[in-house]
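As structure tokens, the structure follows; a few thoughts come after it.
The values are calculated or read from the model by the stated rules, or taken from the named source; none is laboratory data. All of these numbers come straight from a predicted model, not from anything done at the bench. A quick note on method: Cβ atoms are made from the backbone with ideal geometry, for glycine too, and the neighbour counts reach across all protein chains shown.
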Amino acid sequence: MMQRFSCPFCGPRDETEFFYGGEAGNERPEPAENISADRWAQYLHMEKNENGRAREIWVHLTCGEFFVMERDTVTHEIYKTEAFHGEQK
Amino acid sequence: MASKYSAFQLFKEGLKGHTGWEPAWQDKSPSPSYDALVIGGGGHGLATAYYLARNHGLKRVGLLEKGWIGGGNTGRNTTVIRSNYFYPESVALYDFALKLYEGLSRELNYNIMFSQRGIAVVAHSELEMEMAARITNAMQINGTDAELLNREQVLERVPLLNQNDDARFPIFGGIWQGRAGVARHDAVAWGYARAADKLGVDIIQNCEVTGFLIENGRCAGVKTTRGEIRAGTTGMAVAGNSSVLSAMAGFELPVRSFALQAMVTEPVKPCLDTVLLYMGTGTYLSQSDKGELVIGGGLDRIPSYGQRGNPPLQEEILSGLLEMFPAFGQLKLLRQWAGIVDVVPDSSPVIGPTPLPGLYINGGWGTGGFKAIPAGGWLLAHLMANEEHHEISRPFDMDRFARGRLIDEAAGAAIAH
């Protein structure tokens, strides 16, 4: 059985319509000229890669909207999906 | 202590009804401290422990495994060994592993059933043939064996392939590496375990690491479900769970975990005597000694720690299989499973010191850790014993992400990662 994710704009759709966009809360460090190579590498490549509950950015490819999904990376249970308005610090 | 395996011993035991075999390794309880401690009892961890004792003469080596040895990705992969990579750094690494594999049965006195039946990577257009020629040239320049095959040469090796004129992925030719092959994956773990045990390594199963002992900013050992264990030097080889362990040690890795699935069909008579990969479908397969077709493909699309695999990718892999071999549509699938793999942005491993001094990592192998086991173990042992890189592991240090010197094999090698 294919899993279904709920797009906040379109409702439940097949998992194949979605693409993983990265971990939520990974904000681009600014201003660029003051950012060290290590910090930039951290932003670009380093991951929390949570085992269990994770907060992630996804895109629904068919409508093109980005949103936040909270789910369990072991059981694949979805806790909630919500529109993405930019993360609050 | 297990005696030396030989044809004579097999014959002698056969006469006695095989009642005299001893366990190949001992299941030890942890000591309070070790000179070197390896976390992870998969192929890489076991190889590391073996080479710490064999290459560096360390007497007090401990290996911790949370479940049973070889029960993770070492027992879940599709057993392919190859070194058909694009960049010199990668070929140096994977061909080192392949060379060690070539002598491993003798080295370990344990038959790992390495069968060098070759791998064909099939291209489907003139443009892909240009890519194939580029990779073949790169491999030859980097000093490993590679040949460019034309359509007839591919079909000569694999006559059951879909040869229809209207095939979705027509056969134009491909890349051949004759020294590639398959080995018995469990035997690699068991062979290293037996050889390490013989050199005095403590193999400790059912012992899960729950934290690190950090003293003066340095890793001084680990906390486990069976108590604290101190160590002079510590190495981790826990692909699939690298981020879980690194979080305990207080740093992040450039790793995202995904499920990688595999499946086998019912056993049939010999029909495929190479490893075969289609560039177009990403599906690859080989036939096991038992006759099962062992099938794999790309990664699942959803980051996951669930060792199951999702149906959409399974469908994609199998539709690829039927495009390649229409006749296999009649076969029944026997089993399907998945392992969790460390996916790194440049599809190359992470080998080197970590931000926690005294702790070294071997991980990030993505979809191809099995083929690298002897090299991964050799290099991590070198790091732990000498506290500095081997020249082969240097390019794979985590510092490449800040330096921008990635080894991007996903873009380079045109191989499913």
Problem set entry | Failed item in (1) away from chain B (no Cβ under 11 Å); (2) modelled with pLDDT of 95 or more; (3) surrounded by 13 or more Cβ atoms within 10 Å (Cβ to Cβ), with A:Tyr79 passing the rest | (3)
Exercise. In the stretch B:29-80, how many residues are in a helix (DSSP H, G or I), hydrophobic (A, V, I, L, M, F, W, C) and out of contact with any Gly (no Cβ under 6 Å at 6 or more places or on another chain)?
Worked result: 4
Exercise. Does the stretch B:235-258 include one or more residues that are in contact with a strand residue (DSSP E or B) (Cβ under 7 Å, 6 or more places away or on another chain), away from chain A (no Cβ under 14 Å) and either within 17 Å of B:Arg184 (Cα to Cα) or of a type in the set (S, T, N, Q) (or both)?
Worked result: no
Exercise. Considering B:Gly143, B:Gly118, which residue is closer than 20 Å to B:Gly282 by Cβ and of a type outside the set (A, V, I, L, M)?
Worked result: B:Gly118
For this session: Give me the pairs, please: first residue somewhere in the stretch B:387-411 and closer than 20 Å to B:Glu252 by Cα and within 14 Å of chain A (Cβ to nearest Cβ), second residue anywhere and hydrophobic (A, V, I, L, M, F, W, C) and surrounded by fewer than 17 Cβ atoms within 10 Å (Cβ to Cβ), beta-carbon distance under 8 Å, and either six or more positions apart or on two chains.
Result: B:Phe401/A:Leu44; B:Ala402/A:Ala37; B:Ala402/A:Trp40; B:Arg403/A:Ala37; B:Gly404/A:Ala37
For this session: Please go through the stretch A:56-78 and pick out each residue that is part of a loop (DSSP other than H, G, I, E, B) and acidic (Asp, Glu).
Result: A:Glu77
Seminar exercise, completed: Restricting attention to the stretch B:352-365, the residues that are surrounded by fewer than 23 Cβ atoms within 10 Å (Cβ to Cβ) and in contact with a His (Cβ under 8 Å, 6 or more places away or on another chain) number exactly 1
Exercise. If B:Gly298 passes every condition in (1) out of contact with any His (no Cβ under 6 Å at 6 or more places or on another chain); (2) within 11 Å of chain A (Cβ to nearest Cβ); (3) not polar (S, T, N, Q) but one, which one does it miss?
Worked result: (2)
For this session: Scan the stretch B:359-381 and report the pairs whose first residue is charged (D, E, K, R) and whose second residue is modelled with pLDDT of 95 or more and not in a loop (DSSP other than H, G, I, E, B), with Cβ atoms within less than 7 Å and a gap of 6+ or a chain change.
Result: B:Lys371/B:Val80; B:Lys371/B:Ile81; B:Lys371/B:Tyr94; B:Lys371/B:Ala97
For this session: Might you check whether a residue that is part of a helix (DSSP H, G or I) and without any contact (Cβ under 8 Å) to a residue 12 or more places away in the chain occurs anywhere in the stretch B:94-104?
Result: yes
Exercise. If you go through the stretch B:2-18 one residue at a time, do you hit one that is touching a Pro at 6+ places or on another chain (Cβ under 9 Å), part of a loop (DSSP other than H, G, I, E, B) and either without any contact (Cβ under 8 Å) to a residue 60 or more places away in the chain or not hydroxyl-bearing (Ser, Thr, Tyr) (or both)?
Worked result: yes
Exercise. Just to be sure, is B:Glu128 in a helix (DSSP H, G or I), buried (at least 18 other Cβ atoms within 10 Å of the Cβ) and over 17 Å from the mean Cα position of the chain (by Cα)?
Worked result: yes
Exercise. Looking at A:Arg13, A:Arg53, A:Arg28, which is the one that is modelled with pLDDT under 95 and basic (Lys, Arg)?
Worked result: A:Arg28
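So that you can scan it fast, the table gives a plain yes or no per residue for (1) touching a Pro at 6+ places or on another chain (Cβ under 8 Å); (2) under 30 Å from B:Arg400 (Cβ atoms); (3) free of Cβ contacts under 8 Å to residues at least 12 places away in the same chain; (4) surrounded by 22 or more Cβ atoms within 10 Å (Cβ to Cβ):
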{"residue": "B:Tyr305", "(1), (2), (3), (4)": "no, yes, no, yes"}
{"residue": "B:Asn310", "(1), (2), (3), (4)": "no, no, no, no"}
{"residue": "B:Ile317", "(1), (2), (3), (4)": "no, no, no, yes"}
{"residue": "B:Leu321", "(1), (2), (3), (4)": "no, no, no, yes"}
{"residue": "B:Val341", "(1), (2), (3), (4)": "no, yes, no, yes"}
{"residue": "B:Pro345", "(1), (2), (3), (4)": "yes, yes, no, no"}
{"residue": "B:Val350", "(1), (2), (3), (4)": "yes, yes, no, yes"}
For this session: Filter the stretch A:22-55 down to the residues that are within 11 Å of chain B (Cβ to nearest Cβ) and part of a strand (DSSP E or B), then identify the one that is surrounded by the most Cβ atoms within 10 Å (Cβ to Cβ).
Result: A:Glu47
Seminar exercise, completed: Pairing a residue in the stretch B:161-173 that is loosely packed, with under 15 Cβ neighbours inside 10 Å with any residue that is in a loop (DSSP other than H, G, I, E, B) and among the hydrophobic types (A, V, I, L, M, F, W, C), where Cβ atoms lie under 9 Å and the two sit 6 or more apart in sequence or on different chains, gives B:Gln163/B:Ile171
Problem set entry | Sole residue being touching a residue at least 12 places away in the same chain (Cβ under 8 Å), crowded, with 21+ Cβ neighbours inside 10 Å and among the aliphatic types (A, V, I, L, M), chosen from B:Met248, B:Met236 | B:Met236
For this session: Might you let me know whether the stretch A:4-17 holds any residue that is within 14 Å of chain B (Cβ to nearest Cβ) and part of a loop (DSSP other than H, G, I, E, B)?
Result: no
For this session: Kindly check whether there is at least one residue in the stretch B:119-137 that is more than 22 Å from B:Gly320 (Cβ to Cβ), of a type outside the set (D, E, K, R) and touching a helix residue (DSSP H, G or I) at 6+ places or on another chain (Cβ under 8 Å).
Result: no
For this session: Consider only pairs whose beta carbons are under 6 Å apart and that are at least six residues apart or on different chains; among these, list those whose first residue lies in the stretch B:273-295 and is farther than 30 Å from B:Leu127 by Cβ and whose second residue is aliphatic (A, V, I, L, M) and surrounded by fewer than 19 Cβ atoms within 10 Å (Cβ to Cβ).
Result: B:Gly291/B:Val268
